[in-house]
Amino acid sequence: MPRARIYMDWNATAPLLSEAREAVLSALDINGNPSSVHGEGRALRAIVESARRDVAALCGAQPAEVTFTSGATEAANMVLTPHFRMGRTPLKLGKLYVSAIEHPAVREGGRFAREMMGEIPVSSAGLVDTGALEALLGAHDRQSGLPMVAVMLANNETGIIQPIAEIAAIVRTHGGLLVVDAVQAAGRVPLSMEALGADFLIVSSHKIGGPKGAGALVARGEVMMPSPLIHGGGQEKGHRSGTENAPAIAGFAAAARMAVGNLEGRMGAIAALRDRLETEMRCQAPDVVIHGADVPRLANTTFFTLPGLKAETGQIAFDLEGVALSAGSACSSGKVGQSHVLTAMGYDPRQGALRISIGESTTQAEIEQCAAVFAKVAARRRASGQAA
Ligand code: PLP
């Protein structure tokens, strides 16, 4: 009998939770439009509004601050724009500063033109260079409009967690707006708009066990809102037109409820599994480089380079042994591109790195099996004379 495959690519997408699946299916069975005033419509409206409360709770925000979108990419494209409104007053932003390790959804800059963008470097440890941020904002031309800064809470490749509260204080001093991509952090670290000091937060359903195709932009106090990306019937208070995808939103909410439950206990168990795997990896290959091991990092992620082993070769070797992991982030073509995150951290990106990302349903047996595959791959590398 073929051995069951082991899924260790939760940062690409988390397996759909049964609770989320059930919520999607039951919402699919309600035949109405959430904007209709009849009973069927009101039933779906109730689901969407209850979901708004759940997603707000996940983000440590108010329900009114949540705008549903088709995912984090859309939320990023919605908020990353020079055109804002404060009530009825239009407001123009001057420039967007993004950290060098942002996910492409943010790094592409949304509706900002290239010449309106600046990059914030990171240290070799993968942390945003706050001195450089200070300098960039200090040199910002206020005449052009307010600055906007985008820094992710946790990186999708390394899992490294940024000191967002410290970054927010700098941004505030310079009168800027802070956008935080919390896609990978949601359900793994507690979120609070207030504690983070973020003006905008971005979250995605499928990274927390909900269905793909739902996400949200959370806007603190709804004080300043971006000009809509999608125009039409005025749903989501005019911020995002189009009939709400109620089934996906319902699934997103079910996953959000699970994501806030026993967070510390869940992450403690996951960290223990990840640490055990890393101990085994270091034992099998003492020269393995674990990126971000010395700074705050998500409990579920290990991003490593085995000197002499190309990430693509490693990924195929693990896959053939039944372990699904990734070489950096998954891009649409399925090809493995060079990691801009490794480049930003000052590593030679040609060799690349492998990412193992686990979650709540990962078992001890799976970790042992993965460690055994790692041992095989490391032994093969030694045999070919590539180990240091
Ligand atoms: N931001 C981060 C950090 C991500 O990891 C991802 C997904 O890979 C996204 C944004 C995009 O999310 P979505 O698939 O919901 O558009």
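The values are calculated or read from the model by the stated rules, or taken from the named source; none is laboratory data. The shown structure was predicted, so the numbers you read here are calculated from the model rather than taken from an experiment. Quick reminder, even Gly has a Cβ in these numbers, built from the backbone with ideal geometry, and neighbours come from all protein chains shown. Please note that ligands, DNA and RNA were not included when accessible areas were found on the heavy atoms of the full protein model with its side chains. Shrake-Rupley method; radii C 1.70, N 1.55, O 1.52, S 1.80 Å.
Computed over protein heavy atoms with a 1.4 Å probe, the carbon and sulfur contribution to the accessible area of the chain reaches 55%. Summary of packing: across the peptides 242-255, 367-380, 71-84, the per-residue average of other C-beta atoms within 10 Å ranks them, highest first, as 242-255, 71-84, 367-380. When each of the peptides 54-67, 18-31 is scored by how many other beta carbons lie within 10 Å of its residues on average, the order from highest to lowest is 54-67, 18-31.
Report, in listed order, any pair from K92/K207; K95/K237; K207/K237; K212/K376 with a Cα-Cα distance greater than 29 Å. Each step should come with its number before you reach the end.
On the way: K92/K207 32 Å; K95/K237 27 Å; K207/K237 26 Å; K212/K376 34 Å.
Over 29 Å Cα-Cα: K92/K207; K212/K376.
Taking the Cβ-Cβ separation of S361 and D294 as r and a Förster radius of 22 Å, what is the calculated FRET efficiency to the nearest 0.05? It comes out at approximately 0.15.
Heavy-atom accessible surface of the chain, averaged per residue, reaches 42 Å², computed with a 1.4 Å probe. Where q = 0.10 Å⁻¹, what log10 of I(q)/I(0) comes from the Debye formula for the chain, counting one point per Cα? Scattering profile of the chain, log10 relative to I(0): -0.66.
Per-residue 3J(HN,Hα) values for the range 247-253, derived from phi via the Karplus relation 6.51 cos²θ - 1.76 cosθ + 1.60 with θ = phi - 60°, read x, 5, 5, 5, x, 4, 5 Hz in sequence order (x marks Gly and Pro). Here the ratio of the Cα radius of gyration of the range 1-49 to 2.2 N^0.38 Å is 1.77.
Any chance you could run the full-extension gain for N262 through R42? It's 0.36 nm times the residue separation minus the Cα-Cα distance, nm to one decimal.
That pair, N262 and R42, stretches by 76.0 nm at full extension.
Across the range 198-333 the C-alpha pair distances fall into 10 Å bins from zero in the proportions 9, 26, 30, 21, 12, 2 percent. The distance linking the range 83-159 with the range 233-273 is 25 Å (Cα centroid to Cα centroid, whole angstrom).
Regarding the range 193-262, what's the average projected area of the Cα-atom convex hull, expressed in nm²? Before the final figure, lay out each step's value.
Numbers: hull surface 21.8 nm².
Its average projected convex-hull area is 5.4 nm².
One chain, two ends: A125 and A324. Fully extended at 0.36 nm per residue, the span grows by 69.0 nm beyond their Cα-Cα distance. Each Cα pair under 8 Å and six or more residues apart adds its sequence gap; the mean of these over the residue count of the chain is a relative contact order of 22 percent.
Can you give the Rg to Rh ratio for the range 83-132, taking only C-alpha atoms and Rh from Kirkwood?
Numbers: Rg = 13.4 Å, Rh = 12.4 Å.
Radius of gyration over Kirkwood radius for the range 83-132 works out to 1.08.
Considering only DSSP beta bridges with both partners in the chain, what is the antiparallel share in %, to the nearest 5? Roughly 60 percent of the DSSP beta bridges within the chain come out antiparallel. Packing, taken as the mean count of other beta carbons within 10 Å per residue, orders the peptides 104-117, 216-229 from highest to lowest as 216-229, 104-117.
At 222 nm, what helix-only mean residue ellipticity would the chain give, in deg cm²/dmol to the nearest 500, using -39500 (n - 2.57) for each DSSP H run of four or more? List each step's numbers first, then the result.
Values: 12 runs with 139 residues, N = 388.
Only helices count here, giving -11000 deg cm²/dmol.
The residue list V48, F112, L16 was ranked by how far each Cα lies along the charge dipole of the chain toward its positive end, using unit charges on Cβ atoms, and F112 comes out on top.
Multiply the residue separation of A372 and A165 by 0.36 nm, subtract the distance between their alpha-carbon atoms, and state the gained length in nm to one decimal.
Working: separation 207, 0.36 × 207 = 74.52 nm, distance 4.01 nm.
Gain in length upon complete extension: 70.5 nm.
For the range 105-250, the convex hull drawn through the C-alpha positions has a volume of 132 cubic angstrom per residue. Using a Gaussian network model of the chain in which every pair of alpha carbons under 10 angstrom is joined by a spring, one finds that among I208, I170, I161 the greatest mean-square fluctuation is at I170.
Bridges between two residues of the range 1-152, per DSSP, are antiparallel at a rate of about 35%.
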